[in-house]
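> Could you have a look at this structure, given as structure tokens, before my questions?
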Amino acid sequence: MMIRHHPNDATLLTYASGGLSTALSTIVATHLGACPSCRASAARAEQIGGALLSGVEPVDVATSVLDRIFDRIDAGEPEQEPTTAPRFGHQGLPAPLGSLLPEDMDSLRWWPVGPGIRQARLGEGEAAVRLLRIAPGRAVPHHSHGGHEMTMIVSGSYTDEIGRFLPGDVADLDPDVAHQPVSDAATDCICVIATDAPLEFTGWVPRLMQSLVRI
Amino acid sequence: MLRVIRSRKPRVRVCMRAILTRTSDTGMTQDAALSINDLNGLLARVAGSRSRSAFRELFSHFAPRIKGFMMKSGTSEEMAEEIVQETMVTVWTKAAQFDPAKAGASTWIFTIARNKRIDIMRRVNRPAPDPEDPMFQPDPPINGEDFTQSNEDQVRVRAALEHLPPEQAEIIRLSFFDSLTHSEIAAQLALPLGTVKSRLRLSFRKIRSALGDER
């Protein structure tokens, strides 16, 4: 995977601080799995957390907390692990997205949102992300992003004002940047879109339709 | 849930310099008590010989700091102690995974506490890359002194934090102590999202240049 487009530093810093939404963190973590240089940046940002922790004003902790910890250690309490064993490598992307995406993308429930454009939902609650599937040669209407929104290419490719985006590439655009991605490969361009707000499918369709008719 | 807890208690504004240079009752800087090497050594003893006395020392250093860190965002004392407990249990069980060549003890423990806070507050595991994944791109070979977090490094990060302009220090604080998203910071400070992102980028760049990273 030859990655050309990366999350920006503000995003990596916030991934490290713990402030990134779960959905955005899923995209960043997947990118980090494929990109050692962004991983090094995120590790640098974690050093800020380490420095803040070491310099913060200590607040006394009840001694019972240490007793409870030793009780748990003595009881051999197992670490809580995620319930589902991760599956790796679907769609050629690293975990966590690689393990979330199905082997067969057609098994998802896709519904049309515009000419040659379909969307599907992946995951639940805070972790939910949106999948967008653009037929070859089709364009997503010219639009900008209200909040913090990130896109990762899963398959196919698109080209917009910024450049060409291939699988593993991340579009992490500033809010004032408007773009018009055009699906430019022989197959559908499938991408994952995440935001730092809870996913509202009802809100998004009208927004896309609005930009279609350029309100 | 995070928001409810935050709104209950008005945030106390403390300037970054005060946070970083506060001294204990003895008049000695807290960190002078244990150096990074001391802390790394204690972690090595916990990992190697399952030393409870080493763990006690780690607890008395870190538990009050983790609690203080968490309470900066207005998190209740009870919740902060729960995060302390979960974090320190993980420090015990995962001590063998601590690699001083990758991060200092404070940074490693910061990342555990950050993840526990997310697990507890959002009831969802923080998405992270998985080095076991076949699609995971391993780090390039390290050349010599490349990424060892030394005492010097931590001093540099803290000095760089102290010298940030107030508006950048404020944003770092909201990101790390309060783990706010970009949009939440923008709303809280009544700033455009783009300004929040550029301040985060700028402050990160300053800290990285203090660490001698080429950017």
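The values are calculated or read from the model by the stated rules, or taken from the named source; none is laboratory data. Only a predicted model underlies this, so the values are computations on that prediction, with no experimental measurement involved. Note that each Cβ is placed from the backbone with ideal geometry, even for glycine, and that neighbours are counted across all protein chains shown.
> I'm told A:G137 meets every condition in (1) crowded, with 19+ Cβ neighbours inside 10 Å; (2) part of a loop (DSSP other than H, G, I, E, B) except one. Can you identify the failing condition by its number?
Of (1) crowded, with 19+ Cβ neighbours inside 10 Å; (2) part of a loop (DSSP other than H, G, I, E, B), only one is false for A:G137: (1).
> If we keep just the residues of the stretch A:158-172 that are without any contact (Cβ under 8 Å) to a residue 60 or more places away in the chain and buried (at least 19 other Cβ atoms within 10 Å of the Cβ), which is farthest from A:T26 (Cα to Cα)?
A:D160
> From the set of residues in the stretch A:112-126 that are in a loop (DSSP other than H, G, I, E, B) and more than 14 Å from chain B (Cβ to nearest Cβ), which is surrounded by the most Cβ atoms within 10 Å (Cβ to Cβ)?
Residue satisfying both the conditions and the ranking: A:G116.
To keep it simple, each residue is scored yes or no on (1) in contact with a Leu (Cβ under 8 Å, 6 or more places away or on another chain); (2) free of Cβ contacts under 8 Å to residues at least 24 places away in the same chain; (3) of a type in the set (A, V, I, L, M); (4) over 19 Å from A:L24 (Cα atoms).
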{"site": "B:A101", "(1), (2), (3), (4)": "no, no, yes, yes"}
{"site": "B:S106", "(1), (2), (3), (4)": "yes, no, no, yes"}
{"site": "B:I109", "(1), (2), (3), (4)": "yes, no, yes, yes"}
{"site": "B:R117", "(1), (2), (3), (4)": "no, no, no, no"}
{"site": "B:M135", "(1), (2), (3), (4)": "yes, yes, yes, yes"}
{"site": "B:D139", "(1), (2), (3), (4)": "no, yes, no, yes"}
{"site": "B:L161", "(1), (2), (3), (4)": "yes, no, yes, yes"}
{"site": "B:S203", "(1), (2), (3), (4)": "yes, no, no, yes"}
{"site": "B:K206", "(1), (2), (3), (4)": "yes, no, no, yes"}
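> Give the number of residues within the stretch B:106-124 that are outside any loop (DSSP other than H, G, I, E, B) and within 8 Å of chain A (Cβ to nearest Cβ).
12
> Quick one: A:S155 ticks every box in (1) in contact with a helix residue (DSSP H, G or I) (Cβ under 9 Å, 6 or more places away or on another chain); (2) farther than 26 Å from A:L20 by Cα; (3) polar (S, T, N, Q) bar one, so which box is it?
Tallying (1) in contact with a helix residue (DSSP H, G or I) (Cβ under 9 Å, 6 or more places away or on another chain); (2) farther than 26 Å from A:L20 by Cα; (3) polar (S, T, N, Q), A:S155 fails exactly one: (2).
> While we're here: For the list (1) more than 14 Å from A:D188 (Cα to Cα); (2) of a type in the set (A, V, I, L, M, F, W, C); (3) more than 18 Å from the chain's Cα centre (by Cα), I need the number of the one condition that A:A127 fails.
(3)
> Looking at B:L42, is it in contact (Cβ under 8 Å) with a residue 24 or more places away in the chain and within 24 Å of B:L211 (Cβ to Cβ)?
Taking the combined requirement at face value, the residue does not satisfy it.
> For the stretch B:173-204, give me each residue that is within 7 Å of another protein chain (Cβ to nearest Cβ) and part of a helix (DSSP H, G or I).
Within the stretch B:173-204, B:S175, B:F176, B:H182, B:S183, B:L193, B:G194, B:K197, B:L200, B:R201, B:F204 meet the criteria.
> In the stretch B:49-96, how many residues are more than 9 Å from chain A (Cβ to nearest Cβ), of a type outside the set (D, E, K, R) and free of Cβ contacts under 8 Å to residues at least 12 places away in the same chain?
3
> Select from the stretch B:205-214 the residues that are in a helix (DSSP H, G or I) and over 28 Å from A:H145 (Cα atoms) and list them in ascending order.
Once the filter is applied, which keeps residues that are in a helix (DSSP H, G or I) and over 28 Å from A:H145 (Cα atoms), the stretch B:205-214 yields B:I207, B:R208, B:S209, B:A210.
> Just a yes or no: is a residue in the stretch B:84-101 within 27 Å of B:S203 (Cα to Cα) and either at pLDDT 95 or above or part of a helix (DSSP H, G or I) (or both)?
Checked the stretch B:84-101: no residue is within 27 Å of B:S203 (Cα to Cα) and either at pLDDT 95 or above or part of a helix (DSSP H, G or I) (or both).
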